[in-house]
Amino acid sequence: MTCHVLIIEDDEGQAELIEGFLSERGYRVTVSASAEAGLAFLRSDCPDLLICDLMLPGDSGFSVMKEIRSNPDTSAMPLIVLTALVSEKQRILGLEAGADDYITKPFFLGELGARIEALLRRTVRGSRQESKLRLRDLVVDLARRRTHLADRPLALRRKEFDLLVLLLEKRGRVLSKDFIANALWVDEEVVSSNTINTHVKNLRQKLGTYAGIVETVIGVGYRINVPEEK
């Protein structure tokens, strides 16, 4: 699946430079020009990694980090600070506020790319290499691409399997239809809302008694709703 990077950067030129660099390397990139816009985006979507400037119009990058790290849905998100604040004190403050890495401007694009790759390797991709995903009696074997519910195999088509994996990996978070389309239909120019709805409907039918774990969030998309113990 394509990794999604959110850039919160008010310098339009630098944002475009980074966006172009990462897009050429296969990343999906979203750019927000302020802390407020970035946080609004994070409430409806869930990128795999965040690159954030500290000096932003309105609220600062520190405000972004505080909200992200205090929210259970985003607390584990890999986060790179990219800033012109170069003092040792600022570096320490940034790392203590929740940054996983701290890069100062001016910077080399190649180094930024390498640091992104290293961070994703330790987090997102590392988690995807776990052999199985589990939710109560539902077990998804990633290596064999097989799904079992209460020890009964489920015959999922490729996109249905990928959709279930995506939802489970992001469990608890609301995934917009645009996010799902970009994650699962990388080579397609246009994927309609009806196409996604159909795949969700088919997946629910095959999940049977577990159909309710795929919850519709009206006007936004879908998420995994963990059923309560009976």
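The values are calculated or read from the model by the stated rules, or taken from the named source; none is laboratory data. Keep in mind it's a predicted model, so treat the numbers as computed, not measured. Heads up, the Cβs are rebuilt from the backbone with ideal geometry, glycines too, and the neighbour counts pull from every protein chain shown.
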Filtered residues of the stretch 1-51 (kept if among the aliphatic types (A, V, I, L, M) and free of Cβ contacts under 8 Å to residues at least 12 places away in the same chain): 40
Yes/no for residue 192 being out of contact with any Pro (no Cβ under 9 Å at 6 or more places or on another chain), of a type in the set (Gly, Ala, Ser) and free of Cβ contacts under 8 Å to residues at least 12 places away in the same chain: yes
The stretch 87-108: number of residues that are more than 22 Å from the chain's Cα centre (by Cα) and assigned to a helix (DSSP H, G or I): 7
Residue among 98, 94, 61 that alone is under 13 Å from residue 39 (Cα atoms) and touching a residue at least 24 places away in the same chain (Cβ under 8 Å): 61
Flag if residue 53 is within 15 Å of residue 101 (Cβ to Cβ) and touching a His at 6+ places or on another chain (Cβ under 8 Å): no
Residue match in the stretch 122-129 (condition: assigned to a loop (DSSP other than H, G, I, E, B), of a type in the set (S, T, N, Q) and surrounded by 13 or more Cβ atoms within 10 Å (Cβ to Cβ)): yes
Single residue of the stretch 58-79 satisfying the filter (polar (S, T, N, Q) and farther than 20 Å from residue 118 by Cα) that is surrounded by the fewest Cβ atoms within 10 Å (Cβ to Cβ): 70
Residue check, residue 60 in contact with a Ser or Thr (Cβ under 7 Å, 6 or more places away or on another chain) and not aliphatic (A, V, I, L, M): no
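Conditions (1) in contact with a strand residue (DSSP E or B) (Cβ under 9 Å, 6 or more places away or on another chain); (2) within 18 Å of residue 29 (Cβ to Cβ); (3) at pLDDT below 90; (4) hydroxyl-bearing (Ser, Thr, Tyr), marked per residue:
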| position | (1), (2), (3), (4) |
| --- | --- |
| 79 | yes, yes, no, no |
| 85 | yes, no, no, no |
| 111 | yes, yes, no, no |
| 115 | yes, yes, no, no |
| 122 | no, no, yes, no |
Qualifying positions in the stretch 25-76 - out of contact with any helix residue (DSSP H, G or I) (no Cβ under 6 Å at 6 or more places or on another chain) and β-branched (Val, Ile, Thr): 30, 51, 68
